[in-house]
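Taken together, the values in this text are just the output of simple stated rules run on the coordinates, not laboratory data. In this text the structure is predicted, and so the values were computed from the model without any measurement. Here the Cβ positions follow ideal geometry from the backbone for every residue, glycine too, while neighbour counts run over all protein chains shown.
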């Protein structure tokens with residue numbers, strides 16, 4: 001057969017020329033795998049959308065007034081691991097280079113987050129303690145949203161935080177700071193955690209402590225409280241009440257008086273900021289144990305077999321107990337019950353007048369001027385009790 005002419009078309013079995021267009025099949029590119037959206041990204045997007053909705057709802061009604069103050073997070077975040085596997089964050093504001101750097105632990109109230117101590121920005125207790133030269137640590141436990149539960153974890157209550165979280169957090173602070181002891185300021189449940197820790201583990205690792213509006217005794221149950229008692233008993237310990245979402249929804253509608261007598265000295269932007277950014281969900285186990293305290297009449301364990309107040313008679317660390325006559329959550333009598341249990345030589349009582357509510361001691365406009373300097377001056381007098389490990393070894 002004669003050779004094919006160069007002007008004749010090529011056979012379909014011959015390879016295509018490089019100048020001819022490729023087939024559609026050869027043009028198809030491999031499909032890229034879909035990027036998986038993580039749970040953290042979904043939460044971040046949901047948080048951004050909800051914040052945009054809150055601000056839009058507020059500025060549509062109040063275009064000239066600021067919506068809310070937002071706490072500035074601490075520059076360092078560390079984690080500690082409890083003996084039962086829970087991992088919880090602890091936030092640190094390191095001291096100045098020329099400061100003494102005594103570790104100061106701030107423990108927040110029930111239903112609030114560590115940000116409640118820094119909602120006032122430069123006027124907050126966190127910044128006041130930092131300027132005074134302290135090494136500030138903001139406690140977060142398994143009741144906060146930053147905690148990581150182990151596989152198979154169930155519900156928790158107050159006793160679990162005392163038995164597992166607090167000792168692990170204190171050991172973590174001691175390892176970071178290098179100090180043998182630390183100072184403690186507890187607001188509300190943060191002060192109750194202080195009492196329970198001292199009753200359980202003693203005060204060997206505590207230099208001095210301040211309790212702000214923390215109830216140690218409780219009045220008898222009324223009719224409404226009995227109804228709440230039966231309701232709380234039916235809650236599983238692992239259940240969580242969505243108080244955080246509810247407060248975020250109500251924040252654009254809130255004014256300065258939204259907290260009522262709890263915070264009469266709070267400004268409107270601070271009130272909305274606390275509702276939108278510092279409220280945490282409540283667990284069924286925590287509520288059940290809080291009802292148990294009302295039944296027992298004092299701070300106790302979950303089974304009412306052990307009092308957390310009676311053993312305070314053996315505490316040797318200096319203690320400053322602060323109560324407020326205007327506090328509708330913790331009366332002065334409820335706060336003073338801890339004073340009566342402490343030894344006379346190691347206790348001091350400070351009673352604020354009726355202008356102070358439960359939240360005013362951490363977020364009120366007067367706190368930075370009238371309260372924080374007194375607390376930090378009192379704590380500074382006991383910094384020598386919190387020596388470094390090396391100083392103790394030399395001694």
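Its residues counted as N, segment 36-97 yields a C-alpha radius of gyration over 2.2 N^0.38 Å of 1.67.
Peptides 237-247, 134-144 ranked from most to least packed, by the mean per-residue count of other Cβ atoms within 10 Å: 134-144, 237-247.
For segment 82-133, the orientation-averaged shadow of the C-alpha convex hull comes to 4.8 nm² (one quarter of the hull surface). Normalised by 2.2 N^0.38 Å, where N counts its residues, the alpha-carbon radius of gyration of segment 272-350 equals 1.32.
For segment 312-361 and segment 85-102, compute the distance between their C-alpha centroids and round to whole Å. Taking the Cα centre of segment 85-102 as reference, the centre of segment 312-361 is 27 Å away. Centre-to-centre, using Cα atoms only, segment 131-188 and segment 235-290 are separated by 22 Å.
Ordered by packing density, taken as the mean number of other Cβ atoms within 10 Å over each peptide's residues, highest first, how do 329-338, 111-120 rank?
Numbers: 329-338: 20.0, 111-120: 25.2.
Result, highest mean first: 111-120, 329-338.
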